[in-house]
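Q: Sharing a structure below in structure tokens format, with a few things to ask.
The values are calculated or read from the model by the stated rules, or taken from the named source; none is laboratory data. Just so it is clear, the structure is predicted and the values come from calculations on it, not from any experiment. Backbone-built Cβ (ideal geometry, glycine too); neighbour counts: all protein chains shown. Ligands, DNA and RNA are stripped out before the accessible areas are found, and what is left, the full protein with its side chains, is counted by its heavy atoms. Shrake-Rupley method; radii C 1.70, N 1.55, O 1.52, S 1.80 Å.
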Amino acid sequence: IKVGELRRQLGVVPQEPYLFGGTIAYNIAFGRPDASIQQIIAAAEAANAHEFISSLPRGYDTDVQEGATNLSLGQRQLVCLARVILAEPQILILDEATSSVDLRTEGLIQDAIERLMAARSSLVIAHRLATVQRADKILVIDGGRIVERGTHAELVEADALYARLYASQFITA
């Protein structure tokens, strides 16, 4: 496989979302510059970003300031999700995609991620276990080593590290 072809098949949603200079529409269409405005809007709707984008004074034509300081971290993450949705990759890498957002935005991102992951191979890196509960296989890493593997139910039943993490995040809350 050529490197360029591999890159076209990958969609990455990083922990720290990066937006480019230009409009929000440009940022969504970055991986697919030939996309129509209708396709851009459809991707934003699928990413749960359309509502906030539409509420901006210039909507999709809003310029992203340097460092995207005119958007919240959650809004930047939703725009990055829309970008990946529009690109339609076969393989997803989600690196702590919900780590620094509020609970409402986390729910929007989780909902969009679930749709995005349908019929795709996905690698999800997360400390928040809500992000991985529905995974086909969960690998628990401790000290740089895989210490457990299985489904959510299997790992909770095993009553080891994953179960303790789960209890600390959900049961005690």
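Q: Once R0 is set to 22 Å, what does the formula 1/(1 + (r/R0)^6) return for the Cβ-Cβ distance between residue 167 and residue 122, expressed as a FRET efficiency to the nearest 0.05? Write down the numbers at each step before the final one.
A: Details: r = 25 Å, r/R0 = 1.15.
The computed FRET efficiency comes out at 0.30.
Q: May I pose another question? What do you reckon, how do 166, 18, 60 stack up by accessible area (1.4 Å probe), largest on top?
A: Working: 166 50, 18 140, 60 25 Å².
Descending accessible area places them as 18, 166, 60.
Q: Top mean-square fluctuation among 81, 103, 92, Gaussian network model of the chain, C-alpha springs under 10 Å?
A: Highest fluctuation of the listed residues: 103.
Q: Say we join alpha carbon atoms closer than 10 Å with springs in a Gaussian network model of the chain; which of 126, 47, 112 then has the biggest fluctuation?
A: Looking only at 126, 47, 112, the largest GNM fluctuation is found for 126.
Q: Would you tell me the accessible area of residue 5, worked out with a 1.4 angstrom probe on the heavy atoms of the protein chains, in Å² to the nearest 10?
A: 80 Å²
Q: Moving on to the next point. Determine how large the accessible area of residue 52 is when every protein chain is in place; take a 1.4 Å probe and give Å² rounded to the nearest 10.
A: Counting only protein heavy atoms, the figure is 30 Å².
Q: Can you give the three extents of the C-alpha atoms in region 28-173 along their principal axes, from longest to shortest, in whole Å?
A: Per principal axis, max minus min of the Cα coordinates gives 51, 31, 23 Å.
Q: Just the number, please: carbon plus sulfur as a percent of the accessible area of region 9-146, 1.4 Å probe, no ligands or DNA/RNA counted.
A: Details: 3810 of 7340 Å².
Carbon and sulfur atoms account for 52 percent of the accessible area of region 9-146.
Q: Sticking with this structure for a sec: Just the C-alpha atoms of region 1-51: what Rg/Rh do they give, with Rh taken as the Kirkwood radius?
A: Values: Rg = 12.3 Å, Rh = 12.4 Å.
Radius of gyration over Kirkwood radius for region 1-51 works out to 1.00.
Q: Please report the accessible area of residue 127 (heavy atoms, 1.4 Å probe, ligands and nucleic acids excluded) in Å², nearest 10.
A: Surface open to solvent at residue 127 totals about 140 Å².
Q: Next up: Place a +1 charge on the Cβ of each Lys and Arg in the chain and a -1 charge on the Cβ of each Asp and Glu, then give the dipole magnitude about the Cα centre in debye, rounded to the nearest 20.
A: Details: 16 positive and 21 negative charges, 70 e Å.
I would put it at about 340 debye.
Q: Post the alpha-carbon centroid distance, region 68-85 to region 8-42, in whole angstrom.
A: Using only Cα atoms to place each centre, the spacing works out to 9 Å.
Q: If you don't mind, another one. Points 7 angstrom from Cα along the Cβ direction at residue 160 and residue 146: gap in nanometres?
A: 1.2 nm
Q: Okay, next question. Would you mind working out the magnitude of the charge dipole of region 68-108 relative to its Cα centre, with +1 at each Lys and Arg C-beta and -1 at each Asp and Glu C-beta, to the nearest 20 Debye?
A: Details: 3 positive and 5 negative charges, 32 e Å.
It works out to roughly 160 debye.
Q: Accessible area per residue for region 1-132 in Å², computed with a 1.4 Å probe and the full protein assembly in place, what is it? Intermediate results must be reported in sequence, preceding the final value.
A: Values: 7020 Å² over 132 residues.
For region 1-132, the solvent-accessible area averages 53 Å² per residue.
Q: Hey, if you drop one equal point scatterer on each alpha-carbon of region 126-173 and run the Debye formula without solvent, what base-10 log of I(q)/I(0) do you get at q = 0.23, 0.26, 0.31 Å⁻¹?
A: Normalising to I(0) and taking log10 leaves -0.80, -1.03, -1.38.
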